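Comments concern the structure below.
The values are calculated or read from the model by the stated rules, or taken from the named source; none is laboratory data. Quick caveat, the model's predicted, so the values are computed rather than measured. FYI the Cβ positions are ideal-geometry reconstructions off the backbone, even for glycines, and counts take in every protein chain you see.
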């Protein structure tokens with residue numbers, strides 16, 4: 001019986017069939033349906049070419065039209081619709097094509113993803129994907145070596161599915177991964193980074209770590225290709241990471257001789273990841289120097305509390321720090337940000353009319369903020385002004 005997600009998308013398959021095209025749900029959505037996992041994205045494969053799809057549906061976004069993929073907007077949802085792989089590979093035209101879902105499935109990466117479903121809910125399983133899912137096995141479709149040579153990123157994808165699903169890799173598939181691992185160096189770093197983040201955040205990261213170490217695949221990844229020993233030093237019982245930022249922060253404090261900027265550049269990190277790393281580093285340095293305190297909690301965004309606690313335990317398993325402790329401290333903070341201070345720069349300047357505007361104002365505000373956060377100074381305008389007059393800015 002199809003889930004609501006498939007039923008909502010059935011009309012797309014129906015429209016394509018009404019125009020004499022084949023159309024199926026395919027890949028990860030079918031796999032996750034069989035695994036009874038949440039289905040996040042519905043992917044559709046069809047015998048129609050992108051230009052034909054555009055003529056059938058009113059709302060089509062040509063996001064990857066060069067690769068045969070478009071986004072069809074339907075009932076306020078987006079569906080990725082892709083032309084059969086072998087049509088594109090063989091330059092088949094709309095006039096001489098022969099419909100064949102089997103050939104499209106043969107060109108997919110793993111048997112568990114080489115599954116299709118029609119709009120009646122019937123599953124097309126030519127390569128034994130259902131049996132491999134039942135056995136929790138990751139197996140390359142058909143020509144193992146050819147599949148990896150087509151796209152070496154599939155080597156990392158196999159490990160990613162280990163981390164996400166807890167499956168094991170089939171023997172022949174693993175042997176080809178070992179043989180062809182050096183080909184990973186030819187893959188764009190953006191694609192490698194995307195897969196790597198899914199690996200380190202997977203529920204079965206420990207299991208994937210074993211595969212990475214045994215296969216030596218990590219030796220062809222950024223930084224680890226120069227310092228393989230630091231990967232080998234990652235504890236086999238380490239828990240999963242909450243983000244790429246947490247992973248790089250962990251690696252930084254585990255190997256401080258490698259500058260953070262090298263990690264950022266090598267893995268082509270986003271600005272968001274860079275910002276999170278800076279926050280983690282500042283918070284962890286604070287924790288090491290003065291322990292858990294109001295200032296640490298104040299500077300750490302609340303959304304990062306759980307990640308920081310996990311990171312602290314990963315770096316020092318015996319560290320006695322809990323999310324509950326952080327929440328208690330956060331609930332007691334007098335202010336949530338500097339904007340809540342009952343004094344501003346203009347008021348400070350009026351207290352020192354003989355001083356010119358300069359960095360001293362910002363420095364004084366930061367001192368006030370620090371004292372207020374520690375509850376050593378009430379956040380009251382008159383009290384703060386009294387404190388300022390007793391602690392005037394230093395004059396050069």
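When segment 89-116 is limited to residues that are within 20 Å of residue 20 (Cβ to Cβ) and buried (at least 17 other Cβ atoms within 10 Å of the Cβ), the one that is modelled with the lowest pLDDT turns out to be 97. Please determine, by comparing only the residues of segment 119-149 that are part of a helix (DSSP H, G or I), surrounded by 15 or more Cβ atoms within 10 Å (Cβ to Cβ) and modelled with pLDDT of 95 or more, which one is nearest to the chain's Cα centre (by Cα). The residue in question is 133.
Looking only at segment 262-295, residues that are free of Cβ contacts under 8 Å to residues at least 24 places away in the same chain and crowded, with 19+ Cβ neighbours inside 10 Å come to 0 in all. Looking only at residues of segment 39-54 that are in contact (Cβ under 8 Å) with a residue 40 or more places away in the chain and in a loop (DSSP other than H, G, I, E, B), we find that the one that is farthest from residue 107 (Cα to Cα) is 49. Scanning segment 158-201 for residues that are surrounded by fewer than 15 Cβ atoms within 10 Å (Cβ to Cβ), within 18 Å of residue 221 (Cα to Cα) and over 18 Å from the mean Cα position of the chain (by Cα) returns 178, 179, 182, 185, 186.
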